[in-house]
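Student: First the structure, which I've put down as structure tokens, then a few questions once you've had a look.
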Amino acid sequence: MDELISIFLSKKLLTAKATNEEEKIEFIKLKSKVLKTKVTAANRPTFENFYCTLRDRGQIEDFSKDIDFISNKNNFVNIWICRTVELSEGVVPGTHIAKLSHSSSAGSSILDRSNIKDNRYLTTSSLAKEIVDGTYPDARLSKQVKFLLLEHKGIKLFDEILKGNYSVFSGLENNSDELKSWGKNTPRTYLNHLKQIFF
């Protein structure tokens, strides 16, 4: 739970706003500290201190109910999915992985869901057999790629998320708002419909 609360607070703290010019300098210093603090379970007290300071100054709304909701989670699968959704930024399933052979590549990985075949372009539909792999900015996210690549009867989890079918998570959520949040917050950057790549 501590890591989830750190993640939650680290994101919410960045939404805070200085209420007047006098507070702006202190506010900027605090925001800088927030950005420099590693989001870990061990740093939960640090994030809570930042949050309390900003809340007491009236620079951020009260998230006590949300913090209590997260603190009271007790279902392992639910907690794991919450963590996965929060940490999956930069996780990219694809058939054309840019960083597979060149880790310093700045290119984008491609996962094209169009059915149009044109031999002039490298597309997923031009492959004889689709093999989806994934990239991630940090090795600790490898499980998130594996999660998105889960398959049932030939249908991959990330394809269902791409279609907006968040019912794939149904029964694992604590409430309907959480189910919507999982769907909405699953990083969409890796699920873009990239149609073609020119050589």
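Student: Over the C-alpha atoms of the stretch 16-96, what are the Rg and the largest Cα-to-Cα span, Dmax, in Å?
Tutor: 16.3, 52
Student: Within a Cβ distance under 12 Å of V168, other residues only, what is the Lys/Arg minus Asp/Glu net charge?
Tutor: -2
Student: Where does the charge balance sit around D56 when Lys and Arg score +1, Asp and Glu -1, over other residues with C-beta under 14 Å from its C-beta?
Tutor: The answer is -3.
Student: Are any of the pairs K65/K153; K17/K156; K38/K73; K33/K143; K73/K184; K29/K65 more than 32 Å apart by Cα-Cα distance, and if so, which?
Tutor: Among K65/K153; K17/K156; K38/K73; K33/K143; K73/K184; K29/K65, the Cα-Cα distance tops 32 Å for K65/K153; K17/K156.
Student: Can you order the peptides 1-9, 171-179, 14-22 by their average number of other Cβ atoms within 10 Å per residue, highest first? Mind showing how you got there, number by number?
Tutor: Numbers: 1-9: 20.2, 171-179: 13.6, 14-22: 12.0.
Ranked by mean Cβ neighbours within 10 Å, highest first: 1-9, 171-179, 14-22.
Throughout, read-outs are computed from the coordinates displayed, never taken from laboratory work. Note that the structure is a prediction, hence the values are computed from the model and not measured. So basically every Cβ, Gly included, is an ideal-geometry build from the backbone, and we count neighbours across all protein chains shown.
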